[in-house]
Each structure stands twice: as structure tokens, then as C-alpha cells.
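First up is the structure itself, then whatever we jot down about it.
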Amino acid sequence: MELLVIMGLLQSQTKSLTFSKGVERLYLASLLSNMPCLVGLVIDGYFLQFSIAENIPKWLPHPANSLKCLYLIDFKFGDLYQLQGVLCILRNSPNLRRLDEYNEDLPNVHLDVKPSLTYLEASDCLDQTLNRLKTINIMDVERSKPLLLFIKLLLEHSPTLEKISIRPRATADAQEKYNFSKDVTRFPQASSKAELHYLDPT
């Protein structure tokens, strides 16, 4: 039996939720380790941030072997907890074939992105080859250093990648679009056949 699970949580709800004594919080590790038939996962950044433990494990007790498609909604690349959460999913999903990210959440003016940048630049940030990943779609995003480093990381660790599509936000001007495309084109790629499709904003 194949499962597609959708996990979402509004930002306003995330800030107000509390847990009474005896109520178990659903953590990311538990979610992935206890769904052996999980084929597709749709998860938004707020839920991801809410469902991770303070110390996110690199390796789960049981890998998500059946997970083939991961869809991220309103993800914030500058948020260290969200970033660690998605890298945990990638690291523990050896058969992942498709990764989609839609509508990057704009950075909060009070968000310190330095921890995320330091994490992304570490040599052991991912320490796992994404041997089955073939398609990456990153849509409606704003060019930022955390996002660029995340894309660079994916390209470096995806030897079977066939296609990566990127579409900036509709508010991006011509210079911004050019800089975005130039940055991504310069990144080294583990796959010799990966095609970059840079789409016009809609």
C-alpha cells in the first residue's frame, strides 16, 4: 500500500500551540521511521520547524526506503532548523527520485541566517550521495545565499540528476534573474547529463 502524506501547519498556529503533560509531540524521526509505505511527502516549512527535535539526528533508526517524491512548501532556507530537517529527510531517503520546492518563504528581517550558511558550507553537511534523485524543481523563489548554497549542495551530491528547473519570483527584475542563472550555471555538477531549465516568472 503506497501512501502520500500531506503535513501542513499555519505560521500563526505554530506560534500558539502548546502541549499538555502526557501529550506526545510528533517528531520528524518518528514520522519517517514509522511509515514504511510512504512514497510521497508534502510538507510545509512551518510544520517542519514545529515537528523537529532540538537535536536532529543525522541517521534515523529506519530509513525511509519507499519515499520517492518530496514536496516542500513555504520553506525558509535561512532557518537552520528547517534546513536541518530537510537534509535529514534527504539523507535518510535513499530512493528519492524527485524534489520539489514551491514558494520559498521570504526571510524574516530578524532571522539570523549565519548559522544556516555555516551549516551549508561544512564539508559534512549532507555526507550522503543522492543516487536516485533525477528531478529537482525549485519554483517561485528569491535569490539568496542560503538558497544558492542549497542548490549547489544538491548538484554536488546527485550523480543521476537529469533535470533541474528553477523559476524565480515574479518580482525579480532582469538583473536579478541574470545573476541567479549565472550563479547556478557555475556550480559543479556530479551528473554529466543534468539539464538546467531556468523558467520565466509567472
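The rows are residues; the columns are (1) surrounded by fewer than 19 Cβ atoms within 10 Å (Cβ to Cβ); (2) touching a Leu at 6+ places or on another chain (Cβ under 8 Å).
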| position | (1), (2) |
| --- | --- |
| CYS69 | yes, yes |
| ILE73 | no, no |
| LEU111 | yes, no |
| ILE151 | no, no |
| ASP173 | yes, no |
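Being surrounded by fewer than 16 Cβ atoms within 10 Å (Cβ to Cβ), touching a strand residue (DSSP E or B) at 6+ places or on another chain (Cβ under 8 Å) and of a type in the set (Asp, Glu) is a property that GLU162 has. Out of GLY85, GLY78, GLY45, GLY40, one residue alone is among the small types (Gly, Ala, Ser), surrounded by 20 or more Cβ atoms within 10 Å (Cβ to Cβ) and free of Cβ contacts under 8 Å to residues at least 60 places away in the same chain. It is GLY85. Out of the residues in the stretch 173-193 meeting the condition of being in contact with a helix residue (DSSP H, G or I) (Cβ under 7 Å, 6 or more places away or on another chain) and not aromatic (Phe, Trp, Tyr), tell me which one is nearest to PRO159 (Cα to Cα). This residue is ALA190. The strands (runs of 3 or more DSSP E) found wholly in the stretch 10-107 and carrying at least 2 residues that are at pLDDT below 90 occupy 38-44. Of the residues making up the stretch 166-198, just one is closer than 18 Å to ARG132 by Cβ and not in a loop (DSSP other than H, G, I, E, B), namely GLU195. Test PRO201 against the stated conditions and say whether it is within 26 Å of ASN65 (Cβ to Cβ) and not in a helix (DSSP H, G or I). So PRO201 fails the test. Do we have any residue at all in the stretch 128-135 that's in contact with a Lys or Arg (Cβ under 7 Å, 6 or more places away or on another chain) and of a type in the set (Lys, Arg)? Yes, some residue in the stretch 128-135 is in contact with a Lys or Arg (Cβ under 7 Å, 6 or more places away or on another chain) and of a type in the set (Lys, Arg). Looking at the stretch 125-139, can you tell me whether even one residue there is of a type in the set (Lys, Arg) and either closer than 18 Å to GLY78 by Cβ or touching a helix residue (DSSP H, G or I) at 6+ places or on another chain (Cβ under 8 Å) (or both)? No, that holds for no residue. Between SER116, SER123, SER158, the distinction of being within 15 Å of the chain's Cα centre (by Cα), small (Gly, Ala, Ser) and farther than 21 Å from VAL39 by Cα belongs to SER116 only.
Among the residues of the stretch 134-148, those identified as without any contact (Cβ under 8 Å) to a residue 40 or more places away in the chain and not in a strand (DSSP E or B) are LYS134, GLU142, LYS145, LEU148. The residues listed here are PRO115, PRO168, PRO201; of these, the one that is touching a Pro at 6+ places or on another chain (Cβ under 8 Å), closer than 28 Å to GLN49 by Cβ and surrounded by fewer than 19 Cβ atoms within 10 Å (Cβ to Cβ) is PRO201.
The values are calculated or read from the model by the stated rules, or taken from the named source; none is laboratory data. Values in this document were obtained by computation on a predicted structure and should not be read as measured data. FYI the Cβ positions are ideal-geometry reconstructions off the backbone, even for glycines, and counts take in every protein chain you see.
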